[in-house]
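Enquirer: Just passing along the structure, written as structure tokens.
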Amino acid sequence: MHPPFEGGCQCGAVRYQVTSEATVLYACHCTICQTQSGSAFGMAMRVPAEHFQLTQGELKSFDRTAESGQVFTNSFCPECGTRIHHRADRSPHQISLKPGTLDDTSWLDPTHHLFTDNRQPWVIIPPEAEASKTMPTDRSWLAGRQK
């Protein structure tokens, strides 16, 4: 799938467009992502922040500090609460879009799975995906650079 990508929240109050390829698409199995998504894992599609644009509505946000000390700004629709993206203070030039909010999700296939020690036992990690029990020390893949 090639940009532009369009998406929005559940109620339609927020719409956005992304005009670049994703640097990476990953699934996170940490308990925070499980809680946030209300599911077995959360997904994130990293894109350059300057290529994300709201086309309708406004976002509300809150900050969460991780155990590592990193601060995440989490943005969502103020009407229906759908999470749209988050931004880490250590990577302000990128956002982690919630790809389930895209209009077309048929092409989503995470290349990495993180915090697999917390994955639900029935979740099967594809053999071709990179899997890490925690957050890998080498995080170059988050910026689209391979090891």
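Enquirer: Name every residue in segment 1-15 that is hydrophobic (A, V, I, L, M, F, W, C) and open to solvent by less than 40 Å² (accessible area, probe 1.4 Å), in order of residue number. Walk me through how you get there before you give the answer.
Expert: Initially, segment 1-15 is screened for residues hydrophobic (A, V, I, L, M, F, W, C), giving 1, 5, 9, 11, 13-14.
Result: 5, 9, 13, 14.
Enquirer: Still on this structure: Here are 69, 100, 57: which of them is out of contact with any Leu (no Cβ under 7 Å at 6 or more places or on another chain), on the phi > 0 side of the Ramachandran plot, of a type in the set (Gly, Ala, Ser) and in contact (Cβ under 8 Å) with a residue 40 or more places away in the chain?
Expert: Details: 69 fails: in contact (Cβ under 8 Å) with a residue 40 or more places away in the chain; 100 fails: on the phi > 0 side of the Ramachandran plot.
Exactly one residue qualifies, and that residue is 57.
Enquirer: Something else: Of the residues 44, 131, 88, only one is in contact (Cβ under 8 Å) with a residue 12 or more places away in the chain, more than 23 Å from residue 10 (Cα to Cα) and open to solvent by less than 30 Å² (accessible area, probe 1.4 Å); which?
Expert: Details: 44 fails: more than 23 Å from residue 10 (Cα to Cα); 131 fails: open to solvent by less than 30 Å² (accessible area, probe 1.4 Å).
On inspection, the qualifying residue turns out to be 88.
Enquirer: If you don't mind, another one. Could you grab me the full set of residues in segment 13-41 that are assigned to a loop (DSSP other than H, G, I, E, B) and either in contact (Cβ under 8 Å) with a residue 12 or more places away in the chain or closer than 25 Å to residue 128 by Cα (or both)? Show your work before the answer.
Expert: Taking segment 13-41 and keeping what is assigned to a loop (DSSP other than H, G, I, E, B), we get 13-14, 19-23, 29-30, 38-41.
13, 14, 19, 20, 21, 22, 23, 29, 30, 39, 40, 41, listed by residue number.
Enquirer: So which residues in segment 107-121 are part of a loop (DSSP other than H, G, I, E, B) and touching a residue at least 12 places away in the same chain (Cβ under 8 Å)? Don't jump to the end; show me each part of the working.
Expert: We begin by selecting, within segment 107-121, every residue part of a loop (DSSP other than H, G, I, E, B); these are 107-111, 115, 119-121.
Passing the criteria: 107, 108, 109, 110, 111, 115, 119, 120.
Enquirer: Considering only residues that are part of a strand (DSSP E or B) and within 15 Å of the chain's Cα centre (by Cα), which ones fall in segment 42-60? Walk me through it before giving the result.
Expert: Kept after step one, since they are part of a strand (DSSP E or B), are these residues of segment 42-60: 42-48, 52-56, 60.
Once the filter is applied, which keeps residues that are part of a strand (DSSP E or B) and within 15 Å of the chain's Cα centre (by Cα), segment 42-60 yields 42, 43, 44, 45, 46, 47, 48, 52.
Enquirer: Quick one: residue 64 ticks every box in (1) crowded, with 21+ Cβ neighbours inside 10 Å; (2) basic (Lys, Arg); (3) at pLDDT below 95 except a single one, so which number is it?
Expert: (1)
Enquirer: Failed condition for residue 23, given (1) more than 17 Å from residue 107 (Cβ to Cβ); (2) of a type in the set (S, T, N, Q); (3) in contact with a helix residue (DSSP H, G or I) (Cβ under 8 Å, 6 or more places away or on another chain), with all others met?
Expert: The failed condition is (1).
Enquirer: Let me ask something else about it. Out of the residues in segment 114-132 that are of a type in the set (D, E, K, R) and within 18 Å of the chain's Cα centre (by Cα), which is nearest to residue 39 (Cα to Cα)? Steps first, answer last, please.
Expert: So in segment 114-132, the residues of a type in the set (D, E, K, R) come out as 117, 119, 128, 130.
With within 18 Å of the chain's Cα centre (by Cα) added as a condition, the list becomes 119, 130.
Values: 119: 11, 130: 21 Å.
If we take residues in segment 114-132 being of a type in the set (D, E, K, R) and within 18 Å of the chain's Cα centre (by Cα), then 119 is nearest to residue 39 (Cα to Cα).
Enquirer: Let me ask something else about it. Given the criteria open to solvent by less than 60 Å² (accessible area, probe 1.4 Å), touching a Cys at 6+ places or on another chain (Cβ under 9 Å) and closer than 18 Å to residue 33 by Cβ, does residue 82 qualify?
Expert: Values: open to solvent by less than 60 Å² (accessible area, probe 1.4 Å): yes; touching a Cys at 6+ places or on another chain (Cβ under 9 Å): yes; closer than 18 Å to residue 33 by Cβ: yes.
Answer is yes for this residue.
Enquirer: Further question: Of everything in segment 79-99 that's part of a loop (DSSP other than H, G, I, E, B) and not acidic (Asp, Glu), which residue is nearest to the chain's Cα centre (by Cα)? If you could, list the steps in order and put the result at the bottom.
Expert: The initial filter retains those residues of segment 79-99 that are part of a loop (DSSP other than H, G, I, E, B), namely 79-82, 89-93, 98.
Going one step further and asking which of them are not acidic (Asp, Glu), we end up with 80-82, 90-93, 98.
Numbers: 80: 18, 81: 16, 82: 13, 90: 15, 91: 13, 92: 14, 93: 14, 98: 4 Å.
Selected residue: 98.
The values are calculated or read from the model by the stated rules, or taken from the named source; none is laboratory data. Here the structure is a predicted model, which is why all the values come from computation and not from measurement. Every residue, glycine among them, receives a Cβ derived from its backbone with ideal geometry; neighbour counts consider all protein chains shown. Surface accessibility is based on the protein's heavy atoms, side chains included, excluding ligands, DNA and RNA. Shrake-Rupley method; radii C 1.70, N 1.55, O 1.52, S 1.80 Å.
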